[in-house]
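Remarks on the structure that follows.
The values are calculated or read from the model by the stated rules, or taken from the named source; none is laboratory data. Predicted model only: the values in this text are computed from it and were never measured. Cβ coordinates were reconstructed from backbone atoms using ideal geometry, including for glycine residues, and neighbour counts include every protein chain displayed. Just so you know, the surface numbers come from the protein's heavy atoms only, side chains and all, with ligands and any DNA or RNA stripped out. Shrake-Rupley method; radii C 1.70, N 1.55, O 1.52, S 1.80 Å.
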Amino acid sequence: MKQLFLFLCTCLALAVSFAAPAQHDVETAVPSEPQEDSHYDAKFDRCEGIEFDAIVPDEKGNTFFFKGDHVWKGFSGPAEHANITFKELDDYHHLGHVDAAFRMHNKDGDAQKDHDHIFFFLDDKVFSYYNSTLEDGFPMEIQQVFPEVPSRLDAAVECPKGECTTDSVLFFKGDEVYSFDIKTKTVKKKVWSHLPNCTSAFRWLQHHYCFHGNNFTRFDPVSGKVEGSYPKDARHYFMRCPNFGHGAGHRKPPCKLDAISTDDTGKSYAFTGNTYIRLDTHRDGTHHFPITRLWKEISGKLDAVFAYGDKLYMIQGSQIYIYKSATPYTLIEGYPKPLKEELGIEGPVKAAFLCANQHVVHVIKGQKMIEIDLAATPRAVKTELPIPITDVDAAICDDDGVKVFVDSQYYVYQSPRILAVSKINPLPHRMSSEKFECEYDSGLQKPILQLPL
Ligand SMILES: *[C@@H]1O[C@H](CO)[C@@H](O)[C@H](O)[C@H]1NC(C)=O
Ligand SMILES: *[C@@H]1O[C@H](CO)[C@@H](O)[C@H](O)[C@H]1NC(C)=O
Ligand SMILES: *[C@@H]1O[C@H](CO)[C@@H](O)[C@H](O)[C@H]1NC(C)=O
Ligand SMILES: *[C@@H]1O[C@H](CO)[C@@H](O)[C@H](O)[C@H]1NC(C)=O
């Protein structure tokens with residue numbers, strides 16, 4: 001049985017991949033995946049509005065939604081018996097339910113062997129799965145693995161270093177939150193009374209969500225702070241349901257960048273309009289978020305972004321903002337400043353980039369590449385070279401060389417020098433519409449709206 005549903009959306013389309021939430025695109029008819037599968041069991045329909053027991057992604061980025069003895073795999077499709085994938089959970093607790101689950105983030109130290117494992121909590125037991133296989137020795141008592149964390153939890157979610165101060169796990173029980181430091185195995189108890197009691201918790205693309213009933217609330221994993229208008233109904237965002245979506249029509253943003261950069265911690269971003277997209281976390285899906293989500297002081301579109309040391313330099317018109325690349329990004333005192341004062345050049349510029357372990361920033365302005373030595377005092381223009389390429393939108397220097405973006409294409413040069421001396425442009429590459437979650441010249445370049453997810 002093939003049914004077609006139309007989705008309406010005020011916001012940016014979400015990723016289409018299996019790993020990403022429902023796509024909302026007014027012009028796309030989305031087939032509900034026909035499932036004449038013997039696993040199918042109509043006992044639960046998540047589009048009726050479900051309070052999930054647990055939500056957790058696996059090492060491949062597939063997200064599981066648990067309710068009772070059922071599980072949904074991914075952001076669309078029907079439920080199946082959880083025992084098909086996680087047999088031992090059911091053996092232990094026949095027809096019961098999981099209390100909580102999270103995906104371990106632990107890349108440091110001995111315990112690295114746990115990285116990307118899913119930990120399930122049932123009553124007083126914990127189960128560790130990897131590749132849908134229960135690890136030897138499990139189940140164990142929760143306190144054997146997570147000392148001082150209570151049994152019969154409501155929710156759990158990982159919080160990697162960078163988002164929290166250390167690699168941590170947040171455990172929820174009633175209105176209490178236990179922040180567990182993975183390395184020291186110590187617990188800090190917190191009370192975030194403004195946050196609803198979470199029945200499941202989920203981290204998606206560096207954002208933390210508390211689910212309660214069929215609603216969810218986004219929260220800051222360090223302070224518990226809630227910013228924005230919440231709760232929101234999960235059916236509009238985290239699953240594909242008929243008659244749910246974000247409202248009136250919008251398409252994906254055009255494949256045209258304003259800026260692109262990778263910070264010293266390896267976080268890679270592309271900027272278009274008032275949104276950014278992370279490029280290095282593709283496993284879990286892709287999504288455009290408002291720039292203000294990470295860089296509160298930036299409003300509107302950026303012209304150029306580059307990383308130098310542990311800082312991110314963001315140029316807009318004749319101003320420059322410098323952020324410290326810790327999480328959260330913090331604007332350095334005294335900024336924004338005039339670009340002239342910081343780099344000795346006038347805005348606006350088109351692009352800027354720095355190659356690894358260098359201290360010379362290459363700024364593209366008009367059809368020139370200006371080189372400025374950031375280590376020199378005072379900073380001044382070192383060289384100014386004409387470049388063979390016009391209408392540059394964005395540029396980055398990475399392992400492949402210098403990538404120069406023009407509309408939906410980019411050119412790769414082995415080095416900044418080669419970019420400057422080239423007489424003819426190399427063959428262009430097409431921007432991946434999947435990676436950048438964008439659409440080739442749609443003709444309809446509407447302003448990009450902020451996505452409240
Ligand atoms: C899973 O659970 C269902 C319902 O209890 C049962 O019919 C089925 O045999 C179980 N499958 C496995 C593989 O244990
Ligand atoms: C994952 O599990 C499957 C079947 O259980 C097995 O064939 C495969 O080799 C495993 N993959 C890894 C990476 O361990
Ligand atoms: C939240 O949990 C506490 C117990 O920790 C309970 O007293 C309270 O009633 C719960 N609130 C709601 C709205 O369920
Ligand atoms: C969900 O949120 C709406 C408001 O957005 C509220 O009216 C409703 O009671 C909430 N439901 C649950 C189960 O939290």
Legend entry - Hits among lysines - C-alpha to C-alpha of residue 382 under 26 Å, sequence gap 8 or more where chains match: 311, 324, 337, 340, 350, 365, 368, 403, 423
Inset, instruction - May I ask which of 185/267; 60/107; 188/267 have a Cα-Cα span longer than 25 Å here? - result: 185/267; 188/267
Legend entry - Where labels lie 7 Å past Cα in the beta-carbon direction, separation of residue 333 and residue 412 in nm: 4.5 nm
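Tally Lys and Arg at +1 and Asp and Glu at -1 over the other residues with C-beta under 12 Å from the C-beta of residue 168: what net charge comes out? Can you show the working numbers first?
Values: positive: 161, 183, 185, 188, 190, 203; negative: 158, 163, 167, 181.
Net charge around residue 168: +2.
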Legend entry - Spin-label zone in segment 162-176 - amide nitrogen under 14 Å from a point set 7 Å from the Cα of residue 193 along the C-beta vector: 175-176
Legend entry - Radius 9 Å from Cβ of residue 329, net charge of other residues (Lys, Arg +1; Asp, Glu -1): +1
Inset, instruction - Check cross-link reach from residue 232 to the lysines: straight Cα distance under 20 Å, and skip same-chain residues fewer than eight apart. - result: 67
Inset, instruction - Roll a 1.4 angstrom probe over the protein heavy atoms and tell me the percent of accessible area of segment 45-236 that is carbon or sulfur. - result: 46 percent
Legend entry - Surface accessible to a 1.4 Å probe, per residue, for the residues of segment 259-436, Å²: 44 Å²
Inset, instruction - Evaluate E = 1/(1 + (r/R0)^6) for residue 88 and residue 207, where r is the Cβ-Cβ distance and R0 equals 22 Å; express this FRET efficiency to the nearest 0.05. - result: 0.10
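Would you mind counting up the charge near residue 228? Only other residues with Cβ under 14 Å from its Cβ, with Lys and Arg at +1 and Asp and Glu at -1.
Working: positive: 218, 225, 232, 293, 296; negative: 220, 227.
Around residue 228, the charge tally is +3.
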Inset, instruction - Under a cut-off of 12 Å between alpha-carbon atoms, report the aspartates and glutamates in cross-link reach of residue 113, not counting same-chain residues fewer than 8 places apart. - result: 135
